[in-house]
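Every number here is computed from the coordinates shown, using simple stated rules; none is lab data. Just so it is clear, the structure is predicted and the values come from calculations on it, not from any experiment. Don't worry about glycine lacking a Cβ; one is built from the backbone with ideal geometry, like all the others, and counts go over all protein chains shown.
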Amino acid sequence: MKDRITRINSRQRTNGATNLKHLRAMPDSSIDYSDIPRLNKSFWKTARLTMPEPKDRLTIRVDHDVVEWLKKHGRGYQTRINAILRSYMEAQSGS
């Protein structure tokens, strides 16, 4: 397993971006599938396709420092806003 681990240093690391060029160059034999469970016929008998909920487009006003804080953590700040709001919604629904 150790020979399958690719180590990168901080200069090679990109802010959460996937190095697709590197991945495409990897031979399939170097992919570690050991953490993926085997799926048998019984799994596929009960499997269901689930599509993500559609999202609504809206315009909101958010304090500048809040937006900067969210953006500081990299790409996907709108997804993080949604996750924060969902977490709050679920916490309130429990009471």
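Couple of notes before you dig in:
- Taking each residue of segment 31-58 that is basic (Lys, Arg) and looking for partners that are surrounded by 10 or more Cβ atoms within 10 Å (Cβ to Cβ) with beta-carbon atoms closer than 8 Å, six or more apart or interchain, yields 55/82.
- Qualifying residue in segment 53-70 (condition: under 17 Å from the mean Cα position of the chain (by Cα) and part of a helix (DSSP H, G or I)): yes
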